[in-house]
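Bear in mind these aren't lab numbers, they're just calculated from the coordinates by the rules spelled out. A quick note: this is a predicted structure, and the numbers were derived from the prediction, not measured. Cβ atoms come from the backbone with ideal geometry, glycine included; neighbour counts cover every protein chain shown.
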């Protein structure tokens, strides 16, 4: 019988999610804000053909990320290292991941140049490689460390809490940037300093996470070897995995539209300073964190599926509210509208951050019970494969949507507004798939197995 993970060990290990939130914020939100500046910004245009070049680079990066995930998963699932099948990857990848995330904004030329495009592509590919090298084994280990389905939701809550705290911290970036601007620094230099600060923080947290546990004390390993292609094919044989995966993919397409354009929502739709993004997201984070006990209680009482469906309905309403924000602003004012969005979106965020991770972990354990083979990393990679390929499309569409042009580099009001309507459509589609997910069937098999193998 392997050891049970303590609360302290959970917290330290989940610093990896804090790190993920830091780098996700830097690369998903602020990177586009730097390379596709508003017309009122003092940031220089750094890429030829602005939005088109940036979209193409991000698309290549996402496709590369998706294609290497199964390879990394296969190596991890079959790894026989003395430290375990996951931990060695985490330790090798943590610091390079931070380094290349920061270097993306340290372009060689401070004006439009193809040299900058090549630099951004190279740094992005290196970042994506080391990010995958860290995250694929990391999430596989999350599925393995806790085997009880109800305690797994609690573990997922700790993951989410650290991710939310990291997301809250990263939204302080505009405040740091504005403080450096007030001190006389140029806007591009201020952004670079902010990236450097958070790169150090994110790298340190990932490094601590990688040394927080001794893997062999908590995880049972199967002795068999499963080839990459065979393992990848086998992962998709479960109907419930495919249903959950497609719903998750559609949901994250919507989130990508929202996350990538959040700064534009605040500055262009609400007409507020970018610093107000911190206030709005802080409200969402506080509401979300306060909702965690309720999410855990509801998950135990009604299961994961009803929570996912309810969250999707809430997202559709909120995204449509953003699309029609002009009417809301006329009624209650811009700041009140932003605060209302933050307050309403907090609870569904807590659900969609906690529940899918626990559900995918359930499916990985279900497969291990049925086959006797531990392929947790391949389940993570399979999820990432479809997720990242969909993101490649999103990252191409979003810049073109917000600018309305492949040549001009500035975002416009109608383009930014349209992203909210598109997000609402994808969330509605995700809801349809979640209706068909058989949550109780999966958890029933796991609970029965755990009861007979104590």
If you fit an axis through the alpha-carbon atoms of helix 50-77 and take the longest principal axis of the Cα set of the chain, what angle between them do you get, 0 to 90°, nearest 10? 10 degrees
Would you mind pulling out the separation of the Cα centroids of segment 14-64 and segment 138-193, in Å? 16 Å
Order by protection proxy (mean Cβ within 10 Å, highest first), peptides 27-36, 60-69: 27-36, 60-69
I'd like the projected area of segment 353-394, averaged over all directions, using the convex hull of its alpha carbons. Report it in nm² with one decimal. 3.2 nm²
Packing-based order for 254-264, 352-362, 293-303, 313-323, using average beta carbon neighbours within 10 Å, highest first: 352-362, 254-264, 313-323, 293-303
Under 37 °C and 0.692 mPa s, how fast does the chain diffuse according to Stokes-Einstein, given a Kirkwood radius computed over C-alpha pairs? Answer in µm²/s, whole number. 147 µm²/s
Helix 15-24 against the longest principal axis of the chain: what's the angle in degrees, Cα atoms only, rounded to the nearest 10? 30 degrees
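Quick one: compute a quarter of the convex hull surface over the Cα atoms of segment 112-215 and quote it in nm².
8.5 nm²
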Residue 214 label point, 7 Å along Cα→Cβ, cut-off 12 Å on backbone N: hits in segment 1-37? 3
Would segment 298-423 count as rounded, prolate or oblate if I go by the C-alpha gyration tensor, calling it rounded below 1.5 in a/c and otherwise prolate when a/b exceeds b/c, oblate otherwise? oblate
Bounding extents of segment 265-329 in its principal axis frame from Cα atoms, largest first in Å, are 42, 22, 13
Most to least packed among 204-210, 111-117, 48-54 [average Cβ atoms within 10 Å]: 204-210, 48-54, 111-117
